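The values are calculated or read from the model by the stated rules, or taken from the named source; none is laboratory data. Everything numeric here is computed off the predicted structure, so don't read it as measured data. FYI the Cβ positions are ideal-geometry reconstructions off the backbone, even for glycines, and counts take in every protein chain you see.
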Amino acid sequence: MKTSLVIDARAISGSGIGVYLRRLLPFILSHPGFSVRLLGCAAEIEEALGGSAPGRAAIIECGAGMYTLREQVQVPLRVPRCGIFWSPHYNVPLLPVRARHRVVTIHDVYHLAFLRTLKPIEKLYAGTVLPLAARLSERVITVSSFSCDEIVRYTGIGRDKIAVIHNGVDEPAPARAVPGDLPVPPGRYLLYVGNVKPHKNVVGLIHAFAQFHGRFPDVRLVIAGRKDGFVHGIKGLDELISGLGLTGWVVFTGYVQDEVLSGLYERASALAFPSFYEGFGLPPLEAMAHGVPVIASRAASIPEVCGDAALFVDPHDREDIARALCRVFSDDGLRAELVRRGGERVKGFSWRISAERHLETFAQFSHR
C-alpha cells in the first residue's frame, strides 16, 4: 500500500529552496511506494517540473505567501488527510495539520545566528517559527553536519532527531544560452552566485576585488543573484562601487534561469564564494562541475562541502581574499590543480542519492 505524502511546493520557482525542490521532486514523484500531492500554484509547479507534474502528482492549490500570517492559516486548511506532510523549509504551519507525521528540512539557522541583522518582524517570525519547526516535526532533515550542530545549538532538540543529507550537484548540461545572450560584457570575469545578504560577504568581496583589479584591470566581477529586496542592511552598494572606481567592472545580473546560469559558469574564469555563513552552499560544487576553479571561505559548512578542492580564505580578511584571487588568476598550475580536484570532489554529491536518502527518511514513517 502506498504512503500518502503531501509536500509544500510553494517555493518551487525560486532559488535556494526552489533548486532543492526541482532537483529532488522528479525522483520522489517516480517512487512507487508513495502517493504524492504537491501544495502550491499549479502553473508554477507545472512550469518548474517541465509540465510533467500532473501525470505523477495531484496539485493542491495554495497561494499563501512565504513567511506570512496567511500561510499560517491557509496551509493547515489545505493539507488533506495524509501519512506524511513534508515542509522543505522551516516556515511550517504552527497549527495542527491532518497528517500522521510531520517532516521538515531546516537548511541552516542563519535567521537565529544572525538575528540581530534582521528587521523586527523578521526577528519575531524566525525567532518563533524556526525553533518550533524543529520541535513540532518528528524528523528534521538538514544538509550538512555543520547545520546539524547549529540546529542542536539553537533549538535544543536532540541530535538523534536529525537526518543529515547532503545536497547534490547536476551533471553540467550544455548551456542553451550563447555568449551574446548572457547578461555580461565579453571578456574575463570572476563570478559570484548568490543573493546579496550580509552573511554572504558581498561587500568584503567587492573591496577585495578592488585590490585585485589593480593587478588585473581587464577582469570584471559578475554577481549573479537577486539584489533588490534582499539587501537586509546593505546600503549604498552602488555608491561603494563608484567610490572604489569600479563602475562598469562590477555587473549585477539579477536572478537568472538555470540555462543562463550554466552559461555564466562555463565562461567564468573563477568563482568566489566568500560567505561568513552557509548551511551548505551549492555554487562551489556547481562551479567545480563546470571545470571552474573555486576560491571559498574557510567558514561554516563550506570546508565540509568543498573538501580539498577549493583555495580557502579567511572571509574576514579582505586582503587574504584579494591575494587568493591574484593567485588563481596568475598561477596556471594552481588553476589546473583546483579544476582537477573539483572534478573529483563533485563525484561525491548526487541528487539521486540525496533523493534516496530523503525517501528512506520518509519510509521510516510509512507503516506507523
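The listed residues are VAL250, VAL313, and the only one of them that is farther than 22 Å from ILE17 by Cα, aliphatic (A, V, I, L, M) and touching an Asp or Glu at 6+ places or on another chain (Cβ under 6 Å) turns out to be VAL313.
Taking the criterion of being farther than 26 Å from PRO303 by Cβ, surrounded by 18 or more Cβ atoms within 10 Å (Cβ to Cβ) and modelled with pLDDT of 95 or more, the residues of the range 137-192 that qualify are SER137, ARG139.
None of ARG335, ARG340, ARG267 is charged (D, E, K, R), in the same structural domain as PRO217 (by TED's automatic domain parsing), closer than 15 Å to TYR189 by Cα and modelled with pLDDT of 95 or more except ARG335.
If the condition is being over 26 Å from ALA310 (Cβ atoms) and either over 19 Å from the mean Cα position of the chain (by Cα) or outside any helix (DSSP H, G or I) (or both), then the range 340-368 contributes GLU356, LEU359, GLU360, THR361, PHE362, ALA363, GLN364, PHE365, SER366, HIS367, ARG368.
Consider HIS111 carefully, then state whether it is within 25 Å of GLY40 (Cα to Cα) and at pLDDT 95 or above. No, not satisfied. Candidates CYS148, CYS62: the one that is touching a Ser or Thr at 6+ places or on another chain (Cβ under 7 Å) and of a type outside the set (Lys, Arg) is CYS148.
Somewhere in the range 107-121, is a residue aliphatic (A, V, I, L, M), surrounded by 20 or more Cβ atoms within 10 Å (Cβ to Cβ) and closer than 24 Å to SER4 by Cβ? No; the residues of the range 107-121 include none that is aliphatic (A, V, I, L, M), surrounded by 20 or more Cβ atoms within 10 Å (Cβ to Cβ) and closer than 24 Å to SER4 by Cβ. Scanning the range 21-36 for residues that are in a strand (DSSP E or B) and surrounded by fewer than 19 Cβ atoms within 10 Å (Cβ to Cβ) returns a single hit, SER35. For the range 89-100, the count of residues that are hydroxyl-bearing (Ser, Thr, Tyr), out of contact with any Lys or Arg (no Cβ under 6 Å at 6 or more places or on another chain) and within 19 Å of SER137 (Cα to Cα) is at least one. All but one of (1) without any contact (Cβ under 8 Å) to a residue 24 or more places away in the chain; (2) outside any helix (DSSP H, G or I); (3) aliphatic (A, V, I, L, M) hold for VAL73, so report the exception by its number. Among (1) without any contact (Cβ under 8 Å) to a residue 24 or more places away in the chain; (2) outside any helix (DSSP H, G or I); (3) aliphatic (A, V, I, L, M), the lone unmet condition for VAL73 is (2). Of everything listed in (1) surrounded by fewer than 19 Cβ atoms within 10 Å (Cβ to Cβ); (2) touching an Asp or Glu at 6+ places or on another chain (Cβ under 6 Å); (3) not polar (S, T, N, Q), the single unmet condition for GLU61 is (2). It is to be established whether one or more residues within the range 56-71 are closer than 30 Å to LEU124 by Cβ, at pLDDT 95 or above, of a type in the set (S, T, N, Q) and out of contact with any helix residue (DSSP H, G or I) (no Cβ under 6 Å at 6 or more places or on another chain). Looking through the range 56-71, none of the residues is closer than 30 Å to LEU124 by Cβ, at pLDDT 95 or above, of a type in the set (S, T, N, Q) and out of contact with any helix residue (DSSP H, G or I) (no Cβ under 6 Å at 6 or more places or on another chain).
Entry remark, the range 262-278: residues being part of a loop (DSSP other than H, G, I, E, B) and touching a Phe, Trp or Tyr at 6+ places or on another chain (Cβ under 7 Å) number 3 in total. On the given criteria, is ALA43 buried (at least 22 other Cβ atoms within 10 Å of the Cβ), in the same structural domain as ALA355 (by TED's automatic domain parsing) and at pLDDT below 95? No, not satisfied. Scoring GLY214 on the criteria (1) in contact (Cβ under 8 Å) with a residue 12 or more places away in the chain; (2) over 25 Å from ALA99 (Cβ atoms); (3) of a type in the set (Gly, Ala, Ser) leaves a single failure, condition (1).
Looking only at the range 170-192, decide whether some residue is of a type in the set (D, E, K, R) and under 27 Å from TYR67 (Cβ atoms). No, the conditions are met nowhere in the range 170-192.
When the criteria are applied in full, ALA309 fails the requirement of being free of Cβ contacts under 8 Å to residues at least 12 places away in the same chain and closer than 23 Å to GLY263 by Cβ. A residue that is charged (D, E, K, R) and crowded, with 16+ Cβ neighbours inside 10 Å cannot be found anywhere in the range 86-100.
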